Amino acid sequence: MKRLVFIIALLAASVGTIWAQEYDSPEYVSLGREVARSKVVPYPTAEEAQRLGAGAVASKYLRPVKNWTRTEEADAVVFTSKYVIPFVWLSRQAILYVDEASGAYEVLINGKKVGYSANAFTPAEFNITKASKEEANTISIRVLKDHFSRKMECFNERTDYHVGEVYVMSQPMIRVRDVVHTTHVDMNSETAKVELGLVVKTETLNPKKARIHYELVAPDTTVVTYGHRDIELGMRQEDTIKFMANIPYALTWCAEMPVRYRLNIKTQIEGRYQEYQSHMIGFRTVAVNEDGDFLINGIKTELFYRDFDPLTVTDKDIVAARVLKYNALRFKMGAVPQNVYRMCDSLGMYVIAQIPINTKNSGISRRVGGNPSNDPKWKNAYLDRVETSYRTTRGQACVIGYIMAEESSNGINLYESYLKLKRWENTRPVLYLDAVEEWNSD
């Protein structure tokens, strides 16, 4: 018996050591974090979905987390609050959404560690179904001090600790996890072809069937296309439902005419409608010609930038910039809340998204002990930021390109980051201004 107790204690100590190593090594970038996606907000009715869209408003399936209590510990600043799991969620999934924070953080539910993200500057989601209980739950977000990620965040000059928008939402066991889309424009045609994909995932341990209904609605409320697809998924499987439509070229999205279509989705399981979603989508193409000119929907477009702080910018600021003939925003490196991208979509502002990597304090040396951009140990940390930044912004019409890093020397990790982005994105340019004449910048 004593031997068994000793082994259990040893294992517990080992787990604690492993968790500690996660915070010390850039090879460990997350724990319990879902695959990054576009913003998805479920609603119990079609009317609520269409009226509220991607807004994180309290509803039957969404609980904003507010009224944080702040405490300080030796290794972290801790933000603590409460959320409630109602009875109707018990056969569904509970997903925690964290828009951004001031630094790497871990998530505790009712005192139990359920998640960790080294990158606090792009949205993250954690499945907290098993850790939650009916009625009141306690959530703590521990923003870590002196974390290794600070070496990648030399842009982060803020000294205050904070967490951004946080909420808990409920989706069914088989759910529409993401929406993806592409646009094809032929300058000799009066129409553009759009392709849409609904990424469906099941959390069940047995095969599960569902019927996914979709409806694409034009700005004048004309239904462009509609229908449904039946899908059966195996244990925790994921698949994509695809459909296409033609829209008038004149109604593609651009700064001068930020036209958006509404995609309505509803999920039907065993005859019952389980959730509704509504997405506003701007369809447009982006390309760069040999002279480095941007082509939006095939038309050469000159960009005129206005600089803003993404954490304080408002729709009035963007409208004022449009009046002054600016058509693009340049945000300083760091977190850009998802509502800011939605504002840019609705008001017609181009954005070149910046991946939150800046290692200027490490110098430019590529030798051992120099800049982490050329240290293979940091590969996961770089690729994770590339992937999460891309997956959370790829559906935004306003995002017309990506800046891969700034002031980060160059090396194997930025080469790999460039190649990974180009595998996903073959139209929008991927830029790294400090690449000088090396190949990993468009």
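The values are calculated or read from the model by the stated rules, or taken from the named source; none is laboratory data. What you are looking at is a predicted structure, and each value in this text was computed from that prediction instead of being measured. When we count neighbours, we look across all protein chains shown, and the Cβ atoms used for this are built from the backbone with ideal geometry, even at glycine.
Restricting attention to region 70-116, the residues being of a type in the set (S, T, N, Q), in a strand (DSSP E or B) and in contact (Cβ under 8 Å) with a residue 40 or more places away in the chain number 3.
Name the single residue that is nearest to M343 (Cα to Cα) among those in region 306-330 being of a type outside the set (K, R) and in a helix (DSSP H, G or I). Looking at residues that are of a type outside the set (K, R) and in a helix (DSSP H, G or I), I get D315. Please verify whether region 254-267 includes one or more residues that are outside the structural domain of Y341 (by TED's automatic domain parsing), of a type in the set (F, W, Y), in a loop (DSSP other than H, G, I, E, B) and buried (at least 16 other Cβ atoms within 10 Å of the Cβ). Checked against the condition, which is being outside the structural domain of Y341 (by TED's automatic domain parsing), of a type in the set (F, W, Y), in a loop (DSSP other than H, G, I, E, B) and buried (at least 16 other Cβ atoms within 10 Å of the Cβ), region 254-267 yields no hits at all. Note on region 327-355: among residues that are over 21 Å from F283 (Cα atoms) and of a type outside the set (K, R), the one that is surrounded by the most Cβ atoms within 10 Å (Cβ to Cβ) is V336. Taking first residues from region 210-235 that are free of Cβ contacts under 8 Å to residues at least 12 places away in the same chain and partners that are surrounded by 15 or more Cβ atoms within 10 Å (Cβ to Cβ) and of a type outside the set (K, R), the Cβ contacts under 6 Å between residues at least 6 apart in sequence or on separate chains come to V223/V217. Is it fair to say I318 is free of Cβ contacts under 8 Å to residues at least 60 places away in the same chain and touching a strand residue (DSSP E or B) at 6+ places or on another chain (Cβ under 9 Å)? In short, yes.
Each row is one residue, and each column tells you yes or no for (1) basic (K, R); (2) over 19 Å from I403 (Cα atoms); (3) outside the structural domain of D384 (by TED's automatic domain parsing); (4) touching a helix residue (DSSP H, G or I) at 6+ places or on another chain (Cβ under 8 Å).
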| site | (1), (2), (3), (4) |
| --- | --- |
| K332 | yes, no, no, no |
| P337 | no, no, no, no |
| Y341 | no, no, no, yes |
| Y350 | no, no, no, yes |
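I need the full set of residues from region 47-69 which are assigned to a loop (DSSP other than H, G, I, E, B) and at negative phi, in order please. Hits for region 47-69 are A54, G55, A56, V57, A58, K60, Y61, V65, K66, W68. Where strands (runs of 3 or more DSSP E) sit wholly within region 140-218, those with at least 1 residues that are among the acidic types (D, E) occupy 174-185, 191-202, 208-217.
Residue by residue through region 377-419, note down the ones that are in a helix (DSSP H, G or I), more than 29 Å from R262 (Cα to Cα) and either modelled with pLDDT under 95 or among the acidic types (D, E) (or both). Of everything in region 377-419, those that are in a helix (DSSP H, G or I), more than 29 Å from R262 (Cα to Cα) and either modelled with pLDDT under 95 or among the acidic types (D, E) (or both) turn out to be D384, E416.
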